[in-house]
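First up is the structure itself, then whatever we jot down about it.
The values are calculated or read from the model by the stated rules, or taken from the named source; none is laboratory data. Everything quoted here is computed from the prediction, not taken from an experiment. Because the Cβ atoms are built from the backbone with ideal geometry, glycine has one as well, and the counts that use them run over all protein chains shown. In case anyone asks, the SASA skips ligands and DNA or RNA and just uses the protein heavy atoms, side chains included. Shrake-Rupley method; radii C 1.70, N 1.55, O 1.52, S 1.80 Å.
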Amino acid sequence: MALPLSHVTVVALEQAIAAPLATRHLADLGARVIKVERPGGGDFARHYDSAAGGLCSHFAWANRSKESITLDLKSARGKEVLGRLLERADVFVQNLAPGAVERLGFGDERLRADYPELIVCHVSGYGADGPYRDKKAYDLLIQAETGVVAVTGSEEAAAKAGIPVADIAGGMYAYSSILAALLQRERDGGGCVLHVSLYDGLCDWMGFPAYFALGGERLPRTGASHAAIAPYGPFATGDGRTILFSIQSQREWEQFCAVVLERTGFASDARFVDNSRRVQNREALREEIESVFAGMTTSEVAEKMERGQIAYAEQRELEGFWEHPQLVARGRVAEVGSPVGPLPAMLPATENEAWPARFGAIPATGEHTRALLVELGYGVKAIEEMERNGIV
């Protein structure tokens with residue numbers, strides 16, 4: 001069965017995480033993604049670590065089902081090859097440093113003129129203009145500028161999010177915008193130019209704390225607890241483990257006190273009678289709850305949570321990530337090939353009955369260079385010359 005984007009070719013002049021994550025999602029839907037890398041080392045994200053069986057964990061996550069071609073784009077022949085690739089492409093994605101793609105001769109004016117049907121997506125740190133346009137923009141820096149760091153961590157110390165949320169936000173907005181542009185082109189014809197920035201994406205995700213700040217208060221940093229709801233977060237149990245739970249309504253609070261704590265009158269304690277007072281008296285509330293939990297195992301607390309229909313979870317470590325009972329029971333983990341052998345891979349987050357999941361291999365640097373050059377019409381002698389001159 002044909003995948004939804006099996007008719008779409010994407011040329012990706014990409015590195016790091018944001019753009020590669022966007023194009024990996026396009027590849028999951030069947031798009032042919034041709035990843036353009038530097039000769040030699042390739043995408044620098046290949047070398048952050050070697051934790052995934054000898055492959056970089058970031059690279060393994062964001063680059064399955066792609067073809068890799070190496071090109072020296074500072075050379076005339078390298079630019080010629082990129083031009084030929086774009087002639088056959090539906091989408092061009094790039095996240096080089098600000099101004100770099102223009103210096104290479106592939107600015108919007110030329111792209112519109114030479115490839116009028118092409119959808120161009122620029123992924124940047126801070127956007128196409130403004131005083132921050134040329135600033136280097138790594139994930140942590142965007143988290144800091146948007147206020148994510150200010151609302152993450154504990155009262156004593158701010159912290160960044162444990163995953164690259166700025167990169168993910170930028171990548172997912174690029175992905176969804178490209179899908180929208182493909183639909184528009186199908187309806188109206190013609191390509192378009194999209195600009196997606198990590199900063200704008202993460203600003204959108206910061207809506208809740210930004211609106212909270214309109215009230216004149218800084219959203220407090222509360223670790224794994226919720227800044228505006230209590231009880232909501234982690235609590236120690238008697239067997240040395242941690243359970244997290246969330247109370248979202250007054251009815252749930254009363255049910256929690258009656259069924260889990262078995263202290264019915266506790267629900268009307270003046271310190272905890274409504275959410276606002278529970279937040280004001282957060283530490284006292286924690287002491288009261290943990291004094292009860294201290295006499296129970298995590299399993300016993302969980303059983304009471306189930307009986308009281310209270311939302312809860314166990315705090316898990318990453319060692320058991322791939323063996324989580326929910327993943328295993330639903331068959332959510334597949335296998336993908338790579339230069340270091342088979343690796344586990346998550347199925348796409350959206351389940352559907354219309355098309356199968358795609359799990360093409362993670363490419364080695366330049367693995368498909370020769371095949372792509374032959375496809376573009378280059379002969380053996382021309383290819384060997386490019387290899388000798390370090391162009392590919």
Quick check: is even one residue across the range 28-41 within 22 Å of Trp322 (Cβ to Cβ) and among the hydrophobic types (A, V, I, L, M, F, W, C)? no
Unique match (being open to solvent by 10 Å² or more (accessible area, probe 1.4 Å), modelled with pLDDT of 95 or more, among the hydroxyl-bearing types (Ser, Thr, Tyr) and closer than 30 Å to Phe321 by Cα) among Ser75, Ser57, Ser124, Ser68: Ser57
Kindly evaluate Ile229 against the criterion of being touching a strand residue (DSSP E or B) at 6+ places or on another chain (Cβ under 9 Å) and buried (at least 19 other Cβ atoms within 10 Å of the Cβ). no
Residues of the range 287-346 being closer than 30 Å to His368 by Cα, touching a residue at least 24 places away in the same chain (Cβ under 8 Å) and of a type in the set (Val, Ile, Thr), which ones? Val336, Val340
Picked from the range 321-359 (must be in a helix (DSSP H, G or I) and closer than 29 Å to Lys66 by Cβ), the residue most open to solvent (accessible area, probe 1.4 Å) is Glu323
Which pairs do you get when a residue that is under 17 Å from Leu85 (Cβ atoms) and assigned to a loop (DSSP other than H, G, I, E, B), found in the range 105-134, comes within reach of a residue that is among the acidic types (Asp, Glu) and open to solvent by 10 Å² or more (accessible area, probe 1.4 Å), reach meaning Cβ atoms under 9 angstrom, with the pair 6+ apart or on two chains? Tyr115/Glu87; Glu117/Asp90; Leu118/Asp90
Selected residue [among the small types (Gly, Ala, Ser) and modelled with pLDDT under 95] from Gly99, Gly107: Gly99
What number of residues within the range 365-375 are surrounded by 15 or more Cβ atoms within 10 Å (Cβ to Cβ) and either under 21 Å from Leu327 (Cα atoms) or among the aliphatic types (A, V, I, L, M) (or both)? 2
Matching entry among Ala284, Ala294 (being over 31 Å from the mean Cα position of the chain (by Cα), modelled with pLDDT of 95 or more and open to solvent by less than 50 Å² (accessible area, probe 1.4 Å)): Ala284
Here are some residues: Glu252, Glu288, Glu217, Glu283. Which one is acidic (Asp, Glu) and not in a helix (DSSP H, G or I)? Glu217
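From the list Leu183, Leu194, which one is modelled with pLDDT of 95 or more and open to solvent by 80 Å² or more (accessible area, probe 1.4 Å)?
Values: Leu194 fails: open to solvent by 80 Å² or more (accessible area, probe 1.4 Å).
That would be Leu183, the only listed residue that is modelled with pLDDT of 95 or more and open to solvent by 80 Å² or more (accessible area, probe 1.4 Å).
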Let me confirm something: among Leu96, Leu82, which residue is out of contact with any helix residue (DSSP H, G or I) (no Cβ under 8 Å at 6 or more places or on another chain) and open to solvent by less than 10 Å² (accessible area, probe 1.4 Å)? Leu82
Being in contact with a strand residue (DSSP E or B) (Cβ under 9 Å, 6 or more places away or on another chain), among the aromatic types (Phe, Trp, Tyr) and either modelled with pLDDT of 95 or more or surrounded by fewer than 21 Cβ atoms within 10 Å (Cβ to Cβ) (or both) is the requirement here; does Tyr132 meet it? no
Which of (1) closer than 27 Å to Pro356 by Cα; (2) assigned to a loop (DSSP other than H, G, I, E, B); (3) among the small types (Gly, Ala, Ser); (4) touching a helix residue (DSSP H, G or I) at 6+ places or on another chain (Cβ under 9 Å) is the odd one out, the single condition Gly30 does not satisfy? (4)
Which pairs do you get when a residue that is over 15 Å from Trp205 (Cβ atoms), found in the range 144-163, comes within reach of a residue that is of a type in the set (A, V, I, L, M), reach meaning Cβ atoms under 9 angstrom, with the pair 6+ apart or on two chains? Gly153/Ala159; Ala158/Ala144; Ala158/Val149; Ala158/Ala150; Ala158/Val151; Ala159/Val149
When the residues of the range 173-201 are filtered to those that are assigned to a helix (DSSP H, G or I) and more than 20 Å from Thr350 (Cβ to Cβ), which remaining residue is nearest to the chain's Cα centre (by Cα)? Leu198
